[in-house]
Every structure is written in structure tokens, then in C-alpha cells.
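The values are calculated or read from the model by the stated rules, or taken from the named source; none is laboratory data. Since the model is a prediction, treat every value here as computed from it, not as a measurement. Backbone-built Cβ (ideal geometry, glycine too); neighbour counts: all protein chains shown.
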Amino acid sequence: MYRTHTCGELRISDVNKEVTLSGWIQKIRDLGSVIFIDLRDRYGITQLYFDNVLNPELLEQARKLGREYVLRIKGSVRERENKNPNIPTGDIEIVVKELEILNKSEVPPFTIEENTDGGEEQLMKYRYLDLRRPNLQRALLLRYQMARHIRNYLDQHNFVEIETPFLIKSTPEGARDFIVPSRLYRGSFYALPQSPQLFKQLLMVAGYDRYFQVVKCFRDEDFRADRQPEFTQIDCELSFVTQDDILNIFEGLAKYLFKTIKGIEFTDPFPRLSYSEAIERYGTDKPDLRFGMEIIDITSLLQGHGFKVFDSAKYIGGIKVEGKADFYSRKKIDQLTDFVKRPQIGAKGLAWIKYNTDGSVKSSVDKFYTPETLQKVLSELDAQPNDIVFIISGDKQLGLRALGELRLEIARSLRLIKEGDFKPLWVVDFPMFEWDEEEERYKAMHHPFTSPKQEDIPLLDRDPGKVRANAYDFVINGVEIGGGSIRIHKRDIQQKVFEILGLTPQEANEKFGFLLEAFKYGAPPHGGIAFGFDRWVAIFNGSKSIKDVIAFPKNSAGRDLMLDAPSPVSKEQLDELGIEIKPDTE
Ligand code: ASP
């Protein structure tokens, strides 16, 4: 028998029991005549006790052990003299009577503790050691619990989990596909799915009514912050539902997870913001609602006073920081100005108005405006003494985005965000298309199978840029956690949308012919959603990176440092596929 108990199980009520434990050595404290060893497994840590009176021979054996050795011990439980209130087994220790080394270990390349001394590269190369750390074990258990609860909720709501293939056909929309060469059909390729989108729609045509799948998706994207080339979605599709039905069912799922996993009960409905409202108020389609500082349009208040920069701007907006007028020195304002002028943000500058505690007004633009006008701006933002208003002007889209970034930056630097706070919301009514400047054509904002709003269908011909979609995103704390749409289920509208996206009927047929064909045979109205599971777990786990909640992630350059992948394959393998690698021309 390897064990009678786990290393996290024994309590004061077990004193005097004879037990067997197995696990890894976390720590050895050698005090000469006494040795303490912390024995660890997934369930916890138990202290082992050796001394030179009870068993000098065993003490000598214990002295030869090292970190991460795998042991089996037998002994009796006794009450500890120095209790450790920080761990559940902290009241007891095991007086060891027999000890067996099940396996030795080399000294691990980093400490296997919550706060390790290992660097990113090492942790990834020895991921199986990294995964022994309690924080990673907690993260993966949380991931499992979330998946279990999600399956449970969806099962209660009549969803069936159906697997869809990984070797599929490459389609042009969305991100870049990973492709897999076919040996049997030389020169032909499969693609790995970016999502099971078309399959889940076909399952609706097939009458399965409610589908879900916890599924890997693959996207060959360039390096972007915290992305993984393979990631997990909770992918769902439903028939005979409206957008509201879908939001309600999945709001129910989110509330259920918040309650069962985090112990947080949301009694009110989650806010639902239209895309345009989110952009106007927060400068982003994934607003962080954990703090205020909403953007206010002050274009009309500040134009027509002879200040060229503002007069020529399409838009002027401001955000108010409460109680910080005295805090924002020149230097601090300069830092924020540099922030908004960064090329990724692209604002031309940052103006400000301070409402001093003595009631006077000071501003970077006082030359151009009377105190009365500035005061009007302050009242528009409902400012109180010692508040400061930051102002950005320019093109509307850019101005709003810059204010949105500034808002986040200020919240971060002033630590306005309460830890453990969760602010979920839905963003709805996304535009159907966005104009791609480079390619000079419309692209689908969500994907080409998304349905336009019924009332906007006439605009498809006249002004596609104005068409709104029945599309929605689920956002928590400024992070997009999921998104989906009601789909097109009529062939003619689907064809029209392909046309606007620049696909000729032949191209559409070549790529999505099977879908158009399926739509001939009674496709029900349907819609769905997919959640980024890794990201949802990361948010619940309080992790900055999704890597922390994936057992074997790639590094930020898309490499698996443990496997050393991707890596070249043999000439024979390439020959079989009829593939020749071109020399690097760069
Ligand atoms: N397949 C979509 C995605 O991966 C989600 C959906 O529309 O259901 O973003």
C-alpha cells in the first residue's frame, strides 16, 4: 500500500493513528539532532519528524535525502509543539518509523514553491516541475471545476456535446489557418479549425437544437499579447432562439459560475451596452466597468473660441479624475501626455483643466478660454473642487480610443481597481462590417455568417457600413470573454453578404458551397456564442496571462520550449508529402 492518507488530510483528531504517506520532499530542515521534512502531494503538505533518540538510524537516512525525492513513510501521528496555523495539517506531524525512497531526484533547476526563483524559459522547459507548484495546481483544478460546472449547466439546459473534426478545409476569412499537408493527396492540405463555426451551424440544420463543445481552436496569428496558437473555446449553438434568449441563457451560465466558483451572487441583470454607447462612453468595445471616469463629449463647449487645435478637430472629449487636481504636477501630466502620444495611441496632445480647491480654475488652454467657459466644461463633467479634467481632441475614432486608453492607464496608476471585483456586461448591436483601408473592402466584424438586424437589411445595398448585426460580446473587467451572433439562415441573404465581402458567387461556392447547399434544406433560425475558456479561467484565477491556466502552453513566440517545437522533420517525411523547403530568402 502506498498510502493510507494524502499529505493534506491528517488533523488533530488523527493523533496516535498509524499512517502511511507518499509524496515529494518539499523542504528539509536539519537541526542536527532533529530533522523536519515537509512531504508534499496535490492535496497538501505534512510535516515528518525524525530525531536521534527515537531512531538514530532513520535520522541518518533522512539526512541523505534531497528536495523532490519521492518517499513512502510509515509512522504515527502526534500533536505538534510548534503549530502552523497557515496549513490545514499544521497541528500535527508524523513521527516516522519506516522510510523508503521510491525515487531519487536531481536538484530541480528552480525552487518548487509559490514564489519560485525560476525564470520564464526554465519554467517552460521544465513545465512538469513548474506544474508541481501549488499556484499552478490550484489554477488547473480551478480550470477543471469550471469546465465541470459549465458542462453541468449546459446539460441541465438540454445541450448535447458533439465533437467536430480537426482536419478540415482551409477558408479565407478570419485569422490565418494552420495547414496540414495530405500524404495521400499530394499538394492538398487540411486546415485546423479556427473554430467549429460551420459545423455547429450544420448541426442546427441537422436538428440537434442545442449543441456545445469544449474544444481546441487553432489560429496562426502573429505575436500578440497573451495569445496562444491553440486555445480552448466553450462553443455553443442553439436553434429557434432570439438574441435575447441567448443572452439570458448564457448570462445564467455566467451567474452560475460566479456563484459556484467565486461565491459571488449577481442578482441584477448584467448591463447591456450597445457598441456605439460603449465606444462613446469608454472608448472601447470591451469597457472595464470597475471604475467610472466616463468619457464626455465636450466638442460644442470648446469650439468657436479661436483655439485652432480644437476648432479644427472633429471631436473633443474629456474624462474627469476625482480629487486629484493637486496630485497631477506638471511632470505627472507630461508623463500622461507621452502616454497618449505613443504611436499605438496616436493622440496629438493632452489638455487639462484643474478645478482648484479655492474654487479657481487653471488650465493648459487658459490663454484661449475665459474662466466661465472652462467652468462650463467642469460642470458638464460634474467636477468638484480638486478634480482634474483631461481633454483629447482630433478625429473622433482616434480621440475616443485615446481617451479609453488614458482612462485605463489612470485607473492602473492610481490603483482605482479593487481586487476581486467583477463587472460583467454584454456589448450588443455591433456593426456588421468594418472597412479595411489596406485592402479597400469591407470585412465582417464578427464573421460572414452573422445576421444583420432585420430593420437594417435594406441598408445592405445602400450603405453597408451602417448595417448593424445581431452580434454580441460578453465582457468581464475589460476583457472579452465571449462573443457570438444570430446567424443568417436564408440563402439569399448569405449570398448578398458574401458579395459585400467581395466574394464572387464562384468563390463563395468553392469555399462555402456546402453551407449554401445545406441552407436549401430547411435551415432553422439559429445563433450561438463561443467563450474563450482560457481567458475566463485566467480572470477567475486572478492571472494576468492565460499561460498560467494552460497545462502545457507555448511561449509568447509560439514555441513549446519543453518539446522544442516547432522543429524540422526528416527529408523522408517531406518526400512522402512531396514538399520541398525553400531556402530562407531574408
Ligand atoms: N465562432 C465564433 C468565434 O470563434 C463565435 C460564434 O460566433 O459563435 O469567435
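Beta carbons closer than 9 Å, at least 6 apart along the sequence or on distinct chains, pair a first residue in the range 565-579 that is more than 16 Å from residue 187 (Cα to Cα) with a second that is exposed (fewer than 10 other Cβ atoms within 10 Å of the Cβ) and among the hydrophobic types (A, V, I, L, M, F, W, C) for 568/581.
One line per residue, one yes/no per condition, for (1) part of a loop (DSSP other than H, G, I, E, B); (2) free of Cβ contacts under 8 Å to residues at least 12 places away in the same chain:
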residue: 258; (1), (2): no, no
residue: 265; (1), (2): yes, yes
residue: 276; (1), (2): no, no
residue: 279; (1), (2): no, no
residue: 288; (1), (2): yes, no
residue: 333; (1), (2): no, no
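Quick check on residue 213: is it within 16 Å of the ligand (Cβ to nearest atom), surrounded by 18 or more Cβ atoms within 10 Å (Cβ to Cβ), among the polar types (S, T, N, Q) and part of a strand (DSSP E or B)? Taking the combined requirement at face value, the residue satisfies it. Of the residues 392, 316, 345, which single one is hydrophobic (A, V, I, L, M, F, W, C), closer than 24 Å to residue 276 by Cα and touching a Gly at 6+ places or on another chain (Cβ under 6 Å)? Step by step, each of 392, 316, 345 is checked, and only 392 is hydrophobic (A, V, I, L, M, F, W, C), closer than 24 Å to residue 276 by Cα and touching a Gly at 6+ places or on another chain (Cβ under 6 Å).
If you check 581, 550, 529, 546 for being farther than 30 Å from residue 454 by Cα, touching a helix residue (DSSP H, G or I) at 6+ places or on another chain (Cβ under 8 Å) and within 16 Å of the ligand (Cβ to nearest atom), only one passes: 546.
With respect to residue 150, determine if the residue is crowded, with 16+ Cβ neighbours inside 10 Å and within 29 Å of residue 566 (Cα to Cα). No, not satisfied. Kindly establish whether residue 284 is on the phi < 0 side of the Ramachandran plot and in contact with a helix residue (DSSP H, G or I) (Cβ under 6 Å, 6 or more places away or on another chain). For residue 284, the condition - on the phi < 0 side of the Ramachandran plot and in contact with a helix residue (DSSP H, G or I) (Cβ under 6 Å, 6 or more places away or on another chain) - is met. For the range 428-487, taking the residues that are within 14 Å of the ligand (Cβ to nearest atom) and small (Gly, Ala, Ser), the one that is modelled with the lowest pLDDT is identified as 444.
The residues listed here are 469, 411; of these, the one that is within 28 Å of residue 267 (Cβ to Cβ) and of a type in the set (Gly, Ala, Ser) is 411.
Consider residue 46 carefully, then state whether it is buried (at least 16 other Cβ atoms within 10 Å of the Cβ), within 38 Å of the chain's Cα centre (by Cα) and not in a strand (DSSP E or B). Here the answer is no, as residue 46 does not meet what is asked. Across the range 151-199, the number of residues qualifying as part of a helix (DSSP H, G or I) and away from the ligand (no atom under 16 Å from the Cβ) comes to 5. Exactly one condition in (1) surrounded by fewer than 19 Cβ atoms within 10 Å (Cβ to Cβ); (2) over 17 Å from residue 447 (Cβ atoms); (3) in contact (Cβ under 8 Å) with a residue 60 or more places away in the chain is not met by residue 502; state its number. (2) is the only condition that residue 502 fails.
Between 362, 354, the distinction of being surrounded by 19 or more Cβ atoms within 10 Å (Cβ to Cβ) and within 25 Å of residue 303 (Cβ to Cβ) belongs to 354 only. Would you confirm, using the coordinates I've provided, whether residue 22 is under 22 Å from residue 88 (Cβ atoms), free of Cβ contacts under 8 Å to residues at least 40 places away in the same chain and either part of a loop (DSSP other than H, G, I, E, B) or small (Gly, Ala, Ser) (or both)? It is false that residue 22 is under 22 Å from residue 88 (Cβ atoms), free of Cβ contacts under 8 Å to residues at least 40 places away in the same chain and either part of a loop (DSSP other than H, G, I, E, B) or small (Gly, Ala, Ser) (or both).
Residues in the range 220-242 that are at pLDDT 95 or above and either within 12 Å of the ligand (Cβ to nearest atom) or touching a Ser or Thr at 6+ places or on another chain (Cβ under 8 Å) (or both): 231, 232, 233, 234, 235, 236, 237, 238.
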